[in-house]
Every structure is written in structure tokens, then in C-alpha cells.
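The values are calculated or read from the model by the stated rules, or taken from the named source; none is laboratory data. If you're wondering where the values come from, they're calculated on a predicted model, not measured in any experiment. All Cβ positions, glycine included, derive from the backbone under ideal geometry; neighbour counts span all protein chains shown. Areas reflect the complete protein model, heavy atoms only, side chains present, ligands, DNA and RNA absent. Shrake-Rupley method; radii C 1.70, N 1.55, O 1.52, S 1.80 Å.
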Amino acid sequence: MAERMQHIVLFQFPSELSEDDERQLFATVRSWPEEIGGFTALRFGRDVSGRSRGYQYALFVEFESKAAADNYFPHPVHIAFSDWVHELNCQVLAFDYPLDGNSVMV
């Protein structure tokens, strides 16, 4: 079986998004399984803890394989999303790692 991959991203926008921009943000991520594929888990949410040090949103993606992750990053739908986020001067913190015997705890 191909090695699964974990992709986590935190988003920090310089100011609160408008309702329309936030709707677009969620709708875009929600469209990915149909448009990009290769996910075994996809979650996106807004911080409610107040402990996020200014990061307002988090993306949690689990890919079925490294090949699926490699397909996601250059995919035109992901590139368009990334360009839109950066046009809004968003700071992004991303972290990727393989889901293997060392990282999967349960």
C-alpha cells in the first residue's frame, strides 16, 4: 500500500474576512474532493479557542498516498485557491508528514 500523507495548514489573514470571502473560502475547500480527489480526510474550520496566535482557520488534509499529495499541490484548483489566499495577504503555515508506523498513534 502507498504511504498516506498528512497536510496541515494554518491561515492568518491580516483582517477579518467578509462574509462573502469566508463563504468562498469554505465552498472552495468543500469542492476539492470532486475536483482534485485523493483524500481520505478533509476538514476545514475557524478557530474558536482564542489560542491560535492570530491564525483564524485550519485545514486538515489526509491523502491516500504520496502520489495523491503530489497531484494536489500543482493542481489548478489548488493553485487558484493558493493565489486567492495570497492576494488577500494571508500568512500561511504548512506542515506535511507521512502517516506511517512512527506518526500514527491510534
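For the range 63-87, the candidate set comprises residues that are of a type in the set (A, V, I, L, M) and surrounded by 14 or more Cβ atoms within 10 Å (Cβ to Cβ); within that set, the residue that is nearest to Ile8 (Cα to Cα) is Ala69. For the range 89-106: of the residues being of a type in the set (A, V, I, L, M, F, W, C) and at pLDDT below 95, which is surrounded by the fewest Cβ atoms within 10 Å (Cβ to Cβ)? Only one residue fits best here, namely Val106. Across the range 1-33, the number of residues qualifying as more than 16 Å from Phe81 (Cβ to Cβ) and not in a strand (DSSP E or B) comes to 8.
So which residues in the range 16-62 are acidic (Asp, Glu) and either over 22 Å from Pro76 (Cβ atoms) or open to solvent by 70 Å² or more (accessible area, probe 1.4 Å) (or both), if there are any at all? Residues satisfying the conditions are Glu16, Glu19, Asp20, Glu22, Glu34, Glu35, Asp47.
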